[in-house]
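The values are calculated or read from the model by the stated rules, or taken from the named source; none is laboratory data. Keep in mind that what you see is a predicted model, and the values were worked out from it rather than measured. Reconstructed Cβ throughout: ideal geometry from the backbone, glycine too, with neighbour counts over all protein chains shown. Remember, those area values only see protein heavy atoms, side chains included, never the ligands or the DNA or RNA. Shrake-Rupley method; radii C 1.70, N 1.55, O 1.52, S 1.80 Å.
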Amino acid sequence: MVKGLAEFNRRWGAIPAKVRRAARETLEQNAEEIVADMKRLAPKGESLDLVNSIGWTWGDAPEGSKVIGTVGGKEYSTLRITIYAGAGDAFYARFQEFGTKDMPANPFFFPVWRARKRRVKSRLTRNINKAIKEAS
């Protein structure tokens with residue numbers, strides 16, 4: 001038998017769980033920060049329907065929402081996070097974001113994502129690499 005094989009197998013088996021946990025925590029942290037920035041930039045009218053419609057969820061967004069993107073997919077199972085805006089009474093979110101022929105655009109959604117995208121990716125990579133090093 002190879003010396004140290006049991007220790008190697010134990011450490012190797014711990015990597016996926018630690019990596020999944022690190023990825024999940026990092027995605028949640030990033031989503032919270034992005035949503036907070038979007039809510040700050042969102043136009044505040046007579047009601048706060050638009051601001052209150054901005055959020056994130058694991059899996060699919062509420063029907064009628066505008067989705068900036070989904071991270072993950074079938075291969076990641078539960079690690080599929082979605083940031084959205086404009087569900088329910090805030091159906092006009094897309095009009096605010098992109099404008100209409102009678103109203104100029106008042107973007108609050110995509111500018112935040114574009115500003116944070118690089119930080120999100122680097123934080124996720126850094127935390128996953130850290131989890132792998134801790135597990136091995």
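Some points to look at:
- Selection within the range 108-136 - surrounded by fewer than 16 Cβ atoms within 10 Å (Cβ to Cβ) and part of a loop (DSSP other than H, G, I, E, B): SER136
- Pick from the range 34-65, criterion open to solvent by 50 Å² or more (accessible area, probe 1.4 Å) and within 19 Å of VAL120 (Cβ to Cβ), ranking: modelled with the lowest pLDDT: TRP58
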